[in-house]
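Participant: Handing you this structure, nothing more for now.
No lab work stands behind these numbers, since they all come straight from the coordinates. Remember, it's a predicted structure, so these values are computed and weren't measured experimentally. Glycine gets a Cβ as well: all are built from the backbone with ideal geometry, and neighbour counts include every protein chain shown.
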Amino acid sequence: MFFLKNKRELLDKIKADDELRLKVLKKFPNIDIEKKEKIDKKTTLTDKNKRLLTLLKDGNLSDSEIAEELGYIDKGSYRCSKYNLFRQLKEHESLKREALKIYPELIIDRKIESISLTFTAMEVNFLQEFCLVKDNNLIYQSMNSIASTLNLSKESASDIRSTSTSKIIKNMFIGTDLDILLWPNFLDEFITRDNFSSIRSINISKNQLLNIETTSTKEILKRGIKMLEESIFKDYISTCSDEVKAILAFRLGYFNNSFFSSDEVADIFNIDVDFVITVTKECLNKSRNNYIETKQKRL
């Protein structure tokens, strides 16, 4: 293992330095510097695994009964096979998609399996304050102000945020429509708010907003866009034009510590409000998987 680790580090160093790379290839022309990518051969589930998922979905049989149904030697062999299947589902996206078609409620990640799906009244109250909307505009509130409004200590407010976020991740993971469970547009509001940081928000004056084409304003827009490009929305943003990036930077909280409404952004850029709404929803929809994966790593 020590040799392999040093070998990888050496190859990475050679690949990163063009001058060193040329020297090495000149002296050792047959050396294979490029790292071979591992081919994902796990593209489909076996019939036995499909049957296993079907039995798990039905939920009528015990482990011993499933083991007997599928022809395993004993319950231990079945559990080992089930563990391996779940590991493969986590490692191979194609297998996971196929499994979820058979068993939509399947919880693949054990880290979130034990978390309750239901929200307490206090958690709902917290989320309403966390995702506070006023005049159709998402309003930023500090955790201190939320704690004060709900008469909570800072520690309690932090704990409630952690537990409610975990429940949101689990519900999203199994496909629960939280916009129906909590309130319309909840997910859009929560994801934007949860990824907002006032430290990363850029100040822009009213005068600059009225003169969006000036050189000084464009420089400020670039700073806000850069913050957006480094956020959880970066995969979607990378495919957008500069104008769309600027639109989303305003909508998602990267200017003046606030989330500009669709109408406000449409007025700033003199464009149709429906276009602002469309690109915002596309960005949020395509960023949800990244949001889930990022949050799971922190749970």
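Participant: Can you work out the Karplus-derived ³J(HN,Hα) for every residue in the range 123-128? Use 6.51 cos²θ - 1.76 cosθ + 1.60 with θ = phi - 60°, whole Hz, and x for glycine or proline.
Facilitator: Here the 3J(HN,Hα) series is 5, 5, 4, 4, 5, 5 Hz.
Participant: Right, another one. Using only Cα atoms, locate the centre of the range 157-216 and the centre of the range 252-299, then give the distance between them in Å, rounded to an integer.
Facilitator: Each part reduced to its Cα centre gives a spacing of 8 Å.
Participant: Starting from the coordinates of the alpha-carbon atoms of the range 172-299, obtain the Kirkwood hydrodynamic radius over all distinct pairs and give the value in Å to one decimal.
Facilitator: Averaging 1/r across every pair of different Cα atoms and inverting gives 15.2 Å.
Participant: Give me, ordered by chain and number, the residues 5 or more places off Phe255 or on other chains with an amide H under 5 Å from its own placed amide H.
Facilitator: For Phe255, the qualifying residues are Ile202.
Participant: Quick one: 3J(HN,Hα) in Hz for the range 152-161, Karplus 6.51/-1.76/1.60 with θ = phi - 60°, rounded, Gly and Pro as x.
Facilitator: Using θ = phi - 60°, the values come out as 10, 6, 4, 5, 5, 4, 5, 5, 5, 4 Hz.
Participant: Once you have the Kirkwood Rh of the range 47-108 from its Cα pairs, apply Stokes-Einstein at 10 °C and 1.306 mPa s and quote D in µm²/s.
Facilitator: D = 135 µm²/s.
Participant: Put +1 on the Cβ of each Lys and Arg and -1 on the Cβ of each Asp and Glu in the range 198-298; which of Ile199, Ala249, Ile271 then has its Cα farthest toward the positive end of the dipole?
Facilitator: Ile199
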